[in-house]
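Input: a single structure, listed below in structure tokens.
Only the coordinates and a few stated rules stand behind these numbers; no lab work does. This is a predicted model, so every value here is computed, not measured. No Cβ is skipped: glycine too gets one built from the backbone with ideal geometry, and neighbour counts run over all protein chains shown.
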Amino acid sequence: MKNKEEFATTSIHGGYASKDHHGSLSTPVYQTSTFTFETAEQGEARFQGEEAGFIYSRLGNPTVQALESRMAQLEEGESGLAFGSGMAAVSAVLLYMTKMNDHIVSSKGVYGCTYGLMEFMKEKYNIVTEFVDLTDERSLEASIRANTSCIYIESPINPTMQLIDLEMVGHVAKRHGLPLIVDNTFSSPYFQQPLKHGATVVLHSATKYISGHGDVIGGIAVGDRELMGEIGRSTHKDLGGILSPHDASLLLRGLKTLPIRMERHADNARHIFNKLRNHSEVTSVFFPDDPTREDYEVYKRQMTGPSGVISFQLARTKEEVQSFMNELKLIKIAVSLGDAETLIQHPATMTHAVIPKVEREKMGITDQLVRLSIGLEHWEDVWDDLEQALKKVSEPIRK
Ligand SMILES: Cc1ncc(COP(=O)(O)O)c(C=O)c1O
């Protein structure tokens, strides 16, 4: 994709031609589990891969295929696979990439359930994940072993919003012949396209910005045709965590407004970030579009916008942080992100609660940290709500 104009058009038209669907403007929902064959021989030819065509919706469905194709175009990859959740995408890709006794190098900080999956893989198959400080090339080099099978990262990392230099990690991965998997959920392809920076597979919890409306759970992975074909024929098809045609149609609809929504999320978030960092109750704010950060140069190089997530800390006890959250009126307490509504959550007791406290704190997830997903409301209304709740928290101290 050359520019934002082209991205906007692809987000609406990519992967779908109405002339192939009776002129239907919107992608029809092929709500069917199976597809009929004209003859037994045709069924055999489809199963043999000698004739193109659909067989059974777990193996492929026209509505889902339109989404896979549009997402592949938006990520500038060759081929996409849709999943029933972001975690179905993460698990299908990681299980495909590893075998017993392997080693995974991961960013120091991943989504709680991804961490949970890695723990499960360690217990069941002795696949050990090492969480490495990937801001330093030497520590990445030093962590690679003979049995390392892949590098798995999030950037920005959920919820600390730290960035990883994709180009640097991509070069190291290439030098060692290792696939690099990047969870791009927090940026969406609108603000970051990891395949261009050396990733082998990019994946998403499509539940978030891709949907944008908080009404779908879904996942996407994009990579080259051969690799996606192999994942499609193994952990996608046989583990079976596929996306329903109806949910694919909601995600296709969500994609049509992705560029507009991302611009608004980012604008709103910049306003809220500036307010938060000047508030006396707030001790630190984590947001990629911050020129004072060490990784700002990485931000400028690999992202074209910050998306809408901001994390911040209050110098308060866990209970006081929770009572601040309870004071919010417009902002909803909920996990997930990327929706039209502004959401707040407490990672230490919610999304990252499965990670042991010591490990969590190494990742920067303290009891004082809250994560905000800035929505599409008027930002001043969001700020007014935050400000009144922050004021209530400081009141007992003033008395
Ligand atoms: C960065 C990241 N990756 C993956 C997931 C998992 O996605 P899902 O909830 O759609 O399974 C999440 C969910 O919050 C996430 O934040």
Completion exercise
GluC sites (Glu not before Pro) in segment 286-328 lying in a DSSP loop, each with at most 11 other Cβ atoms within 10 Å of its Cβ, come to Glu294
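Between their Cα atoms, which of Lys19/Lys332; Lys300/Lys357; Lys300/Lys392; Lys208/Lys300; Lys108/Lys275; Lys108/Lys256 are more than 31 Å away from each other?
Cα-Cα > 31 Å for Lys19/Lys332; Lys300/Lys357; Lys300/Lys392; Lys108/Lys256; rest within.
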Exercise for the section: May I ask you to list the aspartates and glutamates whose Cα is less than 13 Å away from that of Lys329, ignoring any residue fewer than eight positions away on the same chain? Expected result: Glu341, Asp381, Asp384, Asp385, Glu387
Fill in the blank from the handout: One finds the C-alpha centres of segment 171-191 and segment 275-304 to be spaced, in Å, by 22
Problem - Neighbour-count order for Val169, Val393, Val321, Val182, fewest beta carbons within 10 angstrom listed first - result: Val393, Val321, Val169, Val182
Fill in the blank from the handout: Checking Gly177, Gly198, Gly305 against a Gaussian network model of the chain (alpha-carbon springs below 10 Å), the top fluctuating residue turns out to be Gly177
Handout entry: Crossing angle, helix 86-97 versus the chain [Cα axis fit, 0-90 degrees, rounded to tens]
Key = 60
Practice task
Between Glu319 and Tyr296, take the C-beta separation as r, use R0 = 35 Å, and let me know the FRET efficiency to the nearest 0.05.
Solution key: 0.55
Fill in the blank from the handout: Note to self: C-alpha centroids of segment 357-399 and segment 44-71 sit apart, in Å, by 46
Exercise for the section: Consider just the alpha-carbon atoms of the chain and return their Rg together with their Dmax, both in angstrom. Expected result: 21.7, 83
Exercise for the section: Run the quick spin-label model on Glu5 and Glu44: label points 7 Å from Cα toward the beta carbon, then report their separation in nm to one decimal. Expected result: 5.4
Problem - Sparsely packed GluC sites (Glu not before Pro) within segment 2-77, loop by DSSP, other Cβ within 10 Å at most 10 - result: Glu38, Glu50
Completion exercise
Placing each pseudo-label 7 Å from Cα in the direction of the beta carbon, Arg58 and Ile12 end up separated by a distance in nanometres of 3.8
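When the helix-only estimate is applied to the chain (DSSP H runs of n ≥ 4, each -39,500 (n - 2.57), divided by the residue count), what is the mean residue ellipticity at 222 nm, nearest 500 deg cm²/dmol? Walk me through the numbers on the way to the answer.
Numbers: 15 runs with 160 residues, N = 399.
Mean residue ellipticity at 222 nm (helix-derived): -12000 deg cm²/dmol.
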